[in-house]
Amino acid sequence: MLSIALSGCPIWSDADDDEGPGCYDGCCDDGCQNNYCTSPSQCSGFDEVCGYDNQCHYGSCYDYGCVDGFVCDDTYTCVPEPGQGGGGFGGEGAGGSGPAAVYCGNPDDCGPTQFCAPDGTCHDGDCSIEGCIYGFYCDTLAETPYCARSNPFGCGSDDDCGIDTADRCVNGVCTAPSDQCFDQTQCAGGSVCANGKCTPSCDGGAACPSDYTCEATVSLCSVPAAPCTITNDCGGADRVCVDGACVQRSVDGICNSGSAWVDNGCIPDQAAIFVCAIDGMQDVCSSGSICLHHSCYISCDAPNETACDGLPAFDVCKTVTTPSGDHAVCGSDSNLGDQCDPTNNVECGDGLICVDGYCK
């Protein structure tokens, strides 16, 4: 009965002879909430959607996705996905014809004689007539028109930023070391700074975002739950491949709070939270604090050597080196390490990751 209560009741009846009509395995229409659905039409209430979990929800597919065989369109309505009947979009499925749709989130997902069209599938030919998927534009000045990034600094992975640079792809933008994170104090709660990017931590058994699993050796949520090379590997219109992981597809660049748009997918926000600008000075920080790497830290430089003593989370006076010099500030045994600093081009050895200043 617990599983039935959690998943809702199916709309069909598979009742035993001693069960009443509308009952299934002891669950009846009048005795439980019957939210099971297999298509959008079965959710008849106002502003309801048949979500990816085969349940009717109040809201839109922006929040709950779509049941298998449907995709969330630009109006946040579940419509048949490419290849599902009628010859629409991909043109394959019941009543359709032609090849199956090949899904894409960026031009690299398609073949050399194809382009990633606005409907999120690869089309033959060039983009001069149909245009390109969100985040890209059709460069018609090229000898053969192709889809180029709308942001010239845009990227899908670190490799897109070049191999001879310390820039990293942060939230889909090639970011200089000075604008990368260097410590967990610059990241949202539950994340640490790993190689210049805020990354969810699984330390202490903390749960990872649904699209990633825990790399136990470094306690980072960095292992793709569904690995991929191109978007079509992800097996449906609602997923795209971003930097080797199948993630939720974004609609028109929109992602939930705490997530960021990258190549038409939504990934955990990687950007550092900056609050000040003048390194080595108080700047906008509170009295007794100093701005280092765009963040405020309590100073324990002389004559304030005991400033950390009453701080339960940051009770260790640590020396931090920035372009403005050496500074003593309050930290802990798990942050403000001195073994590496991506923002200052101090890297770890091969096979190691810089996490909050420690090589792991």
- Task: Provide the gained length on full extension for the span Asn344 to Ala188, in nm with one decimal, where the gain is 0.36 nm per separating residue minus the Cα-Cα distance.
- Result: 54.0 nm
- Message: I need Ser157, Ser299 ordered by Cβ neighbour count within 10 Å, fewest first.
- Response: Ser157, Ser299
- Quick one: which of 188-200, 243-255 comes out on top by average Cβ neighbours within 10 Å, and what's the full order, highest first? 188-200, 243-255
- Item | Estimated inter-spin distance, Ser286 and Ser210, nm [label 7 Å along Cα→Cβ] | 3.8
- How high is the relative contact order of region 153-249, in percent, with contacts defined as C-alpha pairs under 8 Å that are six or more residues apart? 15
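No lab work stands behind these numbers, since they all come straight from the coordinates. As the structure is a computational prediction, the values presented were derived from the model and not from experiment. Cβ atoms come from the backbone with ideal geometry, glycine included; neighbour counts cover every protein chain shown.
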